[in-house]
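The block underneath contains the structure these notes are about, expressed in structure tokens.
The values are calculated or read from the model by the stated rules, or taken from the named source; none is laboratory data. All values derive from a computational prediction rather than experimental measurement. FYI the Cβ positions are ideal-geometry reconstructions off the backbone, even for glycines, and counts take in every protein chain you see. For accessibility, only protein heavy atoms count, side chains too; no ligands or nucleic acids. Shrake-Rupley method; radii C 1.70, N 1.55, O 1.52, S 1.80 Å.
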Amino acid sequence: MLRLPAFELAQPETIEAACALFAEHGERAMIVAGGTDLLPNLKHELYDIDVVIALAGIPALDDIEMQGHGLSIGAMTPLARVAASPDVRSHAPALAQAASLVAGPQHRTMGTLGGNVMLDTRCQWINQSHFWRQALGYCLKKDGSVCHVVEGGKKCVAAASNDSAPALMSLGAKLVFTTTDAERSLPIEDLWVSDGIYNKSSKPGEILTRIVVPLSDSRHRGAYGKLRDRGSIDFPLLGCAVRLDLDDEGIISDCDLVMVALQARPTRVKKIAESLNGVRIGTPEFEAAVEEVARRAHKQCKPLDNIPGDMDYRRRMIPVYVRRTLLAAAEGGGPVHHI
Amino acid sequence: MHVLTLRINGDCLKVAAPAHWTLLEVLRYELGLTGSKQGCDKGDCGACTVLVDGKPRLSCLVLGSLAEGYEITTIEGLMPAHLCAGGEGADPVQDAFDRCGALQCGFCQPGMMLSARALLNENPSPTRSEINQALSGNLCRCTGYTQILQAVESCVADAVGEDR
Ligand SMILES: Cc1cc2nc3c(=O)[nH]c(=O)nc-3n(C[C@H](O)[C@H](O)[C@H](O)COP(=O)(O)OP(=O)(O)OC[C@H]3O[C@@H](n4cnc5c(N)ncnc54)[C@H](O)[C@@H]3O)c2cc1C
Ligand code: SF4
Ligand code: FES
Ligand code: FES
């Protein structure tokens, strides 16, 4: 039995009221969307807070709207709806695929896209009960002064583990944060910082209200690949999002590849355009370019002993998943996973 | 303490509970509805699954107060709902699980049967892979799943048979 610590629950009915409550309580408050990350973490006593602010009673935060400039998704939209939405599937296939592979069916009904973006980082030494952590000795992320992953490390390297993050990054999404007196739009790139204690640049008081994905045309290809132990429930041991933009002839004009479940922030694989831009998909040249990108990814991405799963195995799977996900994207297929 | 008004298995109930209690705790420790199991208590196992407006949810990760205003079905409500709808005996899902021996210790069963019921309400003739997908959030550490899948398939076969 894992009991929640005592807190007050606020159930505002407007976004203004939610922002006012968040501004009033600051660091002593947290938002609950679907609760599928916040509640386990609270049960593990990872946060010292007095107030939980629920967004569930606020209308108009759970819709998917086609706007002139993009696909605007309310932060409270359940992942199951993101995964099934025809608009998301056609304009942002990597996002639809990533959402479809988050956890199990119950989590996807309860869990929201906003909560997934704002997911806390994960580490096998921190996502444990208080009793367990106390027995081992606390670490930098909560209550302690050492890191159990990097000996002598002064920085927490708990892993970004949200499947939507690399997909949204590869798509160039923007996040709309609302506070009592302002609204700001932040490229998702700029959300992440390399600190596992809190890997985001957003501050207490800021509520993520919408996720905006730029519209793509019919020549956009995207896919998501996910390595995990079991075909359901498990967090990614590795996540890999691909974007390929083609011209009329099927030649790649732009591309992106972002990985997750490595370090505190999602990781963009660098210099892939050098291999892929100007190459026509489905040709031997394309296959050679894919191999080159897989080698680059293997070289650049080094899994740590932060999340479960042998880190050498996870490293060996990087080129495998990069290759498969690139090929799936080129074919308009995906997601890539083992069942 | 908050006084919650919950609609559970067709009844409208008033119950007092602290703000930080989960729906699972309210069900088990305030209302005595111990059919929903407290397995991992952190969203891994699915033993606490209940239906919220017909959709399977993990009651260990739902705050009691946030369950107000929804129609909640626990395993205790499955047979009464079937009888109310003019059926006889237990819900066909319960019947099939019994007939197929789809259980050993039984701990996963309430959640498993509710997920199966939700699937069949939405899709009366699911394929094996749709059944796999729908039950993938419910873990069973005893049966090896084979009989569970057979039970759901046998429900489908019975229902299709009746329609003919
Ligand atoms: C067994 C299990 C397996 C899981 N597997 C996966 C997986 O494979 N992949 C994956 O990505 N996730 C996984 N999750 C985590 C979780 O289910 C999802 O990430 C889900 O999308 C979280 O959304 P939520 O609405 O439930 O978030 P919540 O738990 O409500 O919130 C998560 C965090 O974001 C903050 N937050 C939420 N909404 C906002 C907002 N609008 N503005 C500001 N802050 C906000 C909260 O304060 C909290 O810190 C798993 C969880 C469990 C229990
Ligand atoms: S990476 Fe180190 S500091 Fe961070 S949670 Fe893990 S053990 Fe703790
Ligand atoms: S008890 Fe809720 S998922 Fe295990
Ligand atoms: S019968 Fe024991 S857990 Fe399923």
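Remark: for residue pairs A:K302/B:K37; A:K226/B:K42; A:K43/A:K270; A:K141/A:K226; A:K203/A:K299, the C-alpha separation exceeds 29 Å in A:K302/B:K37; A:K43/A:K270; A:K203/A:K299. Ordering of A:326-336, A:44-54, A:109-119, A:5-15 by packing is A:109-119, A:326-336, A:44-54, A:5-15, highest average first (other Cβ atoms within 10 Å, averaged per residue).
Annotation: amide H of B:H2 within the under-5 Å range of B:A17, B:A19, sequence separation 5 or more or interchain, hydrogens built in the peptide plane. Only helical runs count toward this figure. For chain A, summing -39,500 (n - 2.57) over DSSP H runs of n ≥ 4 and dividing by all residues gives -8500 deg cm²/dmol at 222 nm. Once the Cα atoms of helix B:146-163 and of chain B are each reduced to a long axis, what angle between those two axes, in degrees from 0 to 90 to the nearest 10, is obtained? With rounding to tens, the tilt is 70 degrees.
Would you work out what percent of the accessible area of the range A:168-268, with all protein chains in place, is carbon or sulfur (probe 1.4 Å)? Intermediate values should be presented prior to the final figure.
Working: 1680 of 3530 Å².
Answer for the range A:168-268: carbon and sulfur cover 48 percent of the accessible area.
Placing a pseudo-label 7 Å from each Cα along the Cα-to-Cβ vector at B:T146 and B:N121 gives an inter-label distance of 3.2 nm. From the Cα gyration tensor of the range A:23-147, with a ≥ b ≥ c the square roots of its eigenvalues, which class applies: rounded if a/c is under 1.5, or else prolate if a/b is larger than b/c, or else oblate? It comes out prolate by the Cα gyration axes.
Per residue, the range B:78-159 exposes 49 Å² of solvent-accessible protein surface, assessed with a 1.4 angstrom probe and all protein chains in place.
What accessible area per residue comes out for the range A:220-332, rounded to a whole number of Å², with a 1.4 Å probe?
On the way: 4790 Å² over 113 residues.
Per-residue accessible area for the range A:220-332 comes out at 42 Å².
Within chain B, what whole-number % of the accessible surface is contributed by carbon and sulfur, with the 1.4 Å probe and all protein chains included in the calculation? In chain B, the share of accessible area belonging to carbon and sulfur is 51 percent.
Distance between the pseudo-spin-label points of A:S185 and A:S145 (7 Å out from Cα toward the beta carbon): 4.7 nm.
Less than 5 angstrom separates the built amide H of A:L215 from those of A:G70, A:L71, all sequence-distant by 5 or more or on a different chain.
May I ask you to give the solvent-accessible area per residue for the range A:124-204, in square angstrom, as obtained with a 1.4 angstrom probe?
On the way: 3650 Å² over 81 residues.
Heavy-atom SASA per residue in the range A:124-204 reads 45 Å².
Partner lysines whose Cα lies under 16 Å from the Cα of A:K174, excluding those fewer than 8 positions away in the same chain, are identified as A:K200.
A protection proxy built from the mean count of other Cβ atoms within 10 Å ranks the segments A:69-75, B:41-47, A:291-297, most packed first, as B:41-47, A:69-75, A:291-297.
Placing unit charges on the Cβ atoms of the charged side chains and taking the dipole of the range A:281-339 about its Cα centre, the candidate lying farthest along the positive direction among A:A288, A:V322, A:N306 is A:N306. Inter-chain Cβ neighbour count for B:42-49, averaged per residue, equals 5 (cutoff 10 Å, partner chain atoms only).
For A:I31, the residues whose modelled amide H falls within less than 5 Å of its own, excluding neighbours fewer than 5 places apart on the same chain, are A:I53. Averaging Cα coordinates gives a centre for the range B:12-68 and one for the range A:208-237; these two points are 30 Å apart.
Here r is the Cβ-Cβ distance between A:E8 and B:E30 and R0 is 22 Å; the resulting FRET efficiency, rounded to 0.05, is 0.70. Averaging 1/r over every pair of different alpha carbons in the range B:31-164 and inverting the result gives a Kirkwood radius of 15.0 Å. The Rg/Rh ratio for the range A:220-332, using Cα coordinates for both the radius of gyration and the Kirkwood hydrodynamic radius, is 0.98.
Once B and A are treated as a pair rather than alone, how much accessible area drops out, both sides summed, in Å² to 100, probe 1.4 Å?
Values: alone 8500 and 15060 Å², together 21130 Å².
The B and A chains share an interface burying roughly 2400 Å².
The range A:313-339 and the range A:125-180 have Cα centres spaced 25 Å apart. Taking the longest Cα principal axis of chain A as reference, the axis of helix A:15-25 is set at about 60 degrees. Across peptide A:97-105, the average count of Cβ atoms from other chains found within 10 Å of a residue's Cβ is 4. Since only A:L113, A:H91, A:Y224 are under comparison, the one whose Cα sits farthest along the positive direction of the charge dipole of the protein assembly as shown, derived from C-beta charges on Lys, Arg, Asp and Glu, is A:Y224.
Computed 3J(HN,Hα) for the range A:306-317, one whole-Hz value per residue from the Karplus formula 6.51 cos²θ - 1.76 cosθ + 1.60 where θ = phi - 60°, is 7, 9, x, x, 4, 6, 5, 4, 4, 5, 4, 7, glycine and proline marked x.
What average count of beta carbons from other chains do you get within 10 Å of the Cβ of residues in B:132-138? Don't skip to the answer; put the middle values down first.
Numbers: counts 3, 6, 2, 3, 9, 9, 5.
So the per-residue partner count for this stretch is 5.
Each Lys and Arg contributes +1 and each Asp and Glu -1, all at the Cβ; summed about the Cα centre of the range A:102-235, the dipole is approximately 240 debye.
Computed over the Cα atoms, what is the radius of gyration of the protein assembly as shown divided by 2.2 N^0.38 Å, N being its residue count?
Numbers: Rg = 23.2 Å, N = 503, 2.2 N^0.38 = 23.4 Å.
Relative to the 2.2 N^0.38 Å estimate, the protein assembly as shown comes out at 0.99.
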